[in-house]
1. Say we look at the range 12-47 and pick out the residues that are of a type in the set (D, E, K, R) and exposed (fewer than 10 other Cβ atoms within 10 Å of the Cβ); which of these is modelled with the highest pLDDT?
2. When the range 58-68 is examined, which residues are found to be aliphatic (A, V, I, L, M) and closer than 18 Å to Tyr130 by Cβ?
3. Find the residue count for the range 71-97, including only residues that are closer than 22 Å to Leu120 by Cα and surrounded by 10 or more Cβ atoms within 10 Å (Cβ to Cβ).
4. Restricting the range 108-129 to residues that are out of contact with any Phe, Trp or Tyr (no Cβ under 7 Å at 6 or more places or on another chain) and among the aromatic types (Phe, Trp, Tyr), which is surrounded by the most Cβ atoms within 10 Å (Cβ to Cβ)?
5. Could you please give the count of residues in the range 166-193 that are over 18 Å from Asn2 (Cα atoms) and either modelled with pLDDT of 90 or more or among the aromatic types (Phe, Trp, Tyr) (or both)?
6. Within the range 84-106, track down each residue that is at pLDDT 95 or above, in a helix (DSSP H, G or I), over 15 Å from Ala139 (Cα atoms) and not β-branched (Val, Ile, Thr).
7. Before we move on, is Leu68 in contact (Cβ under 8 Å) with a residue 24 or more places away in the chain and surrounded by 10 or more Cβ atoms within 10 Å (Cβ to Cβ)?
8. Right, Ile79: of a type in the set (A, V, I, L, M) and within 27 Å of the chain's Cα centre (by Cα) or not?
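The values are calculated or read from the model by the stated rules, or taken from the named source; none is laboratory data. Only a predicted model underlies this, so the values are computations on that prediction, with no experimental measurement involved. Cβ placement follows ideal geometry from the backbone for every residue including glycine, while neighbour counts extend to all protein chains displayed.
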Amino acid sequence: MNERIELLLRKINDLQDELHLEMAQLADKFRYTIEQRRVIFEHDVAAYHRRLRQNLWQFIRNIHLPILLVSPFIYALIIPLLMLDIFVTVYQTICFPIYGLKKVPREAFIVIDRHYLHYLNIFERFNCAYCGYANGLIAYAREVGARTESYWCPIKHARRIREAHSLYAGFEEYGDAEGYRARLKRLYGERSS
């Protein structure tokens, strides 16, 4: 990999670490801890949050009609999402050991923890769980796809792509035939000749 690209990737990783540290410090500000994946607010903070919760009737009354009318389209996505979840999980369970790829930990991407927020009513909690699942699942599927692409076709595109996945920077340059063949030889041995 190009030295300049390696330097930039290290800087990006350092910035991501700094961002995570900054976000962790907000836990102190909002007075919660995480114990065995469970979020626990200090008692007085949780009580204050409960007082801020909007009751369900009030919440429903304030929903704009167009939003209410399109909501079945949002919730209908659960069917293809569940199918995607099943197929991606089965795919990596069967294929990744054969490819020699490390499996993607599903739980690292699908995070559902907003139900610990006492200021959300039951409908808001449901929506937050749904969004956490849907967006986490897409990120999980993307990472499985990234690892698959790194095995089968680790070549960058000629055109710039927006928000490339986590492994893309390490792919061979577009047009670098020798680099590609050398990579295949490292991955597969003599079979690639």
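1. Among those that are of a type in the set (D, E, K, R) and exposed (fewer than 10 other Cβ atoms within 10 Å of the Cβ), it is Asp44.
2. Those that are aliphatic (A, V, I, L, M) and closer than 18 Å to Tyr130 by Cβ: Ile60, Ile63, Ile67, Leu68.
3. 4
4. Checking each candidate, the answer is Tyr116.
5. 1
6. Matches in the range 84-106: Tyr91, Cys95, Phe96, Pro97.
7. Here the answer is no, as Leu68 does not meet what is asked.
8. Yes; evaluated as a whole, the condition is true for this residue.
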